Amino acid sequence: MRYRWSFSLFSMFLVCCLAAAGKDKKKVLLPNDILDAQTVLVVIDPDAGVDIEHPYANRSAVQDVEKALMNWGRLSMAVDVSTADLIITVRKGNGKIAQPTIGGIPTNNRPVILEPTDSGTRVGGHTGNPPQTGDPTNSQPQNPHQQVEVGQAQDMLVVYRGKRDDALDSPAVWRYSANGALRSPDVPAVEAFRKLILEAEKQRGSKP
């Protein structure tokens, strides 16, 4: 009987030690390469169709997120995946699980560039590094078609690593979803990311 009682006390002591060890071991909030990022590319989620009632909602969300990031001042804007340390995708929600949209429209193509020449003005696309495979800013035109989009009803912002082929097919670094997450001018999703970065930096600084 005394043996069983001693064994029970030892088991309880072991469980308490393991629980304390688990509390002391903090989860890494963000890896170092994300904390050291300097450039970011903001795009519309390539899987998002164009809302029939609000066709410019996602485009406006991109601009609002870019403005919030520039006001933050930590990251500079990149023009494509090859120059972006981070890629942020945005997608506006309208509170509906299912909604009619138009698919097959390239929403993230690089802007047209006007280059003055001796003989006039040349119209061209993006120049510089060759595009990465799967670069959402270099998507090919498709056939526009009506569809019913089923899925996310809330605003969503997702962060990926850049400077790689098929970057958006890799696991996301962080995602944020909430009603009004992309609301201008405060853009709560960007503010949440800013706070996460600050907390992760404190965590990194406290390590021996």
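Inside region 161-181, can you point out the residues that are closer than 18 Å to Ala68 by Cβ and more than 12 Å from the chain's Cα centre (by Cα)?
Ala178, Asn179, Gly180, Ala181
Could we say that Ala48 is of a type in the set (A, V, I, L, M), farther than 15 Å from Asn108 by Cβ and not in a helix (DSSP H, G or I) here?
Here the answer is no, as Ala48 does not meet what is asked.
Within region 76-96, is there a residue that is at pLDDT below 70 and farther than 12 Å from Val42 by Cβ?
For region 76-96, residues at pLDDT below 70 and farther than 12 Å from Val42 by Cβ: present.
Across region 36-62, which residue is nearest to Ser206 (Cα to Cα) among those that are exposed (fewer than 15 other Cβ atoms within 10 Å of the Cβ) and modelled with pLDDT of 95 or more?
Asp36
Look through Leu69, Leu75 and report the one residue that is within 27 Å of Glu201 (Cα to Cα), touching a residue at least 60 places away in the same chain (Cβ under 8 Å) and surrounded by 13 or more Cβ atoms within 10 Å (Cβ to Cβ).
Being within 27 Å of Glu201 (Cα to Cα), touching a residue at least 60 places away in the same chain (Cβ under 8 Å) and surrounded by 13 or more Cβ atoms within 10 Å (Cβ to Cβ) holds for just one of Leu69, Leu75, which is Leu69.
The values are calculated or read from the model by the stated rules, or taken from the named source; none is laboratory data. This is a predicted model, so every value here is computed, not measured. Reconstructed Cβ throughout: ideal geometry from the backbone, glycine too, with neighbour counts over all protein chains shown.
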